[in-house]
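The values are calculated or read from the model by the stated rules, or taken from the named source; none is laboratory data. On a predicted model such as this, the values are computed, not experimentally measured, just so you know. Because the Cβ atoms are built from the backbone with ideal geometry, glycine has one as well, and the counts that use them run over all protein chains shown.
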Amino acid sequence: MTLLLITFAVLLVAGLPIALAMLGSSLLVIGLEGVPLSVVAQRVVTGVQSFPLLAIPLFTLAGSLMNDSGISERLFGFTRAFIGHIRGGTAHTVVVGEVFLSGISGSSVADCSALSRVFGPEFVRSGIGKGFGAALCAVAATLGPIIPPSTLMVIYAWQANISLGDLFWAGLLPGLLMAGGMMAIVAYVAHQRQFPTEASFAWNRLKRATREASWALMMPILILGGFRAGVFTATEIAGVAAFYSLLVGLYVYKTLKWSHVPAILLQTAKETAVILLIVAAAAPFSWFIGIAQAPQMLAEALTHATDKPWVILLLMNIVLLVLGCFMETLAIMIILVPILIPVLNLFHVDLVHFGIVLLVNLTIGQVHPPVGVLLFVSSSVTKVRFGEIVREVWPFIGMLVVVLGILTYIPWVSLVLPAMFKG
């Protein structure tokens, strides 16, 4: 076990991708143990033979089609007409628009790119400032994995062997709580810096924006309404979202051309391959951790240290927050979830509840330096220096940590909707 972890760390430091580091360390240790290498191949293939994982390429495709079909721009136009008249209205539009966008794409990176592309030029014009606006785009995109549907939810539900539908419902209220916190920060900063107010509210403008965005607004309703009515399963939601985006882009908004589709499919294949390669490489890695009884040893150590579930959750949050500063989101999930599940079961922690806690932890890591992948995406698209974004992001990180504490110790926020809509 020690050799596995040391080899894995050395390969990461040497610059190998996370998938190759996991696979290489697994091959070394399994070879030294005398286990046939054919076992590694079997585990790699088994790792991706799961029906819920079919949703990953479909969600990725839906996000790409959505960005190319003009759905995101129309959603932002609607939210701007709805709340753009208040102080700092453009900043509030980013958050509210992302709430709708998260119910479609399921990808924080895709959402961050869309937000930064659409709003980047407007931050200076509206008096908000590019640094604050770029940081807000990165932070708002953290709603992507929390408000369903979500690719990370698919992977966690597969790992924890829980209902993906329950996890979808569990993310709604936490996502809205996060969005409310973001808007509170925006309102405070807007007051302190005296952001200008834009044009006054006009019903005609709102009606026009609603009419233009009606097909886009119907998409989250179709997804969650169809799922609640039992028309399609949680996994099929991804296919429905992709098909709907394609039809709207081609035949309603007519901003998407058939000639664009091959490039979109190729990009989807590349992004999906990266995710599934990590999942496949993690299978032998996790298998060896299991036969080495690492989860049992961790559970035993924790039971000797404390018998209080709240202390266990606190320790897990600290570990996840620290790891999130230095490791990629998917890698943390793939490595730690199989180890933590037995511990959570031992302390009777609801796995759906912990799934939301885990995802919020991981989203904080996406905007926390030095890794902070969403900060880099926003910086690249908006052409704002990374250091300027980092200076503006800290109040949002503090707010997200407070929300994490609420979600950790008030499970009701995550579990009320799954209980209400169960069956």
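On the given criteria, is ASN161 without any contact (Cβ under 8 Å) to a residue 24 or more places away in the chain, under 30 Å from ALA282 (Cβ atoms) and not acidic (Asp, Glu)? Give the steps one after another, and end with the answer.
On the way: without any contact (Cβ under 8 Å) to a residue 24 or more places away in the chain: yes; under 30 Å from ALA282 (Cβ atoms): yes; not acidic (Asp, Glu): yes.
So ASN161 passes the test.
Just give me the residues in the range 173-228 being assigned to a helix (DSSP H, G or I) and β-branched (Val, Ile, Thr), in sequence order.
Initial filter on the range 173-228 (assigned to a helix (DSSP H, G or I)): 173-193, 203-228.
Once the filter is applied, which keeps residues that are assigned to a helix (DSSP H, G or I) and β-branched (Val, Ile, Thr), the range 173-228 yields ILE185, VAL186, VAL189, THR210, ILE221, ILE223.
Among the residues that make up the range 105-122, is at least one of them part of a helix (DSSP H, G or I) and out of contact with any helix residue (DSSP H, G or I) (no Cβ under 8 Å at 6 or more places or on another chain)? Scanning the range 105-122, I find at least one residue that is part of a helix (DSSP H, G or I) and out of contact with any helix residue (DSSP H, G or I) (no Cβ under 8 Å at 6 or more places or on another chain), so the answer is yes.
Pairs linking a residue in the range 187-215 that is touching a residue at least 60 places away in the same chain (Cβ under 8 Å) to a residue that is of a type in the set (Ser, Thr, Tyr) and in a helix (DSSP H, G or I), with Cβ atoms under 7 Å and 6 or more positions apart or on different chains, do not occur.
The set of residues from the range 335-373 being assigned to a helix (DSSP H, G or I) and of a type in the set (Asp, Glu) is empty.
Any idea which residue in the range 104-129 is farthest from GLY239 (Cα to Cα), counting only those that are crowded, with 24+ Cβ neighbours inside 10 Å and among the small types (Gly, Ala, Ser)? Only one residue tops the list, namely SER116. State whether one or more residues within the range 308-326 are farther than 28 Å from ALA419 by Cβ, without any contact (Cβ under 8 Å) to a residue 12 or more places away in the chain and small (Gly, Ala, Ser). No: zero hits. Just one of the numbered conditions (1) at pLDDT below 80; (2) among the aromatic types (Phe, Trp, Tyr); (3) part of a helix (DSSP H, G or I) is not true of PHE376: (1).
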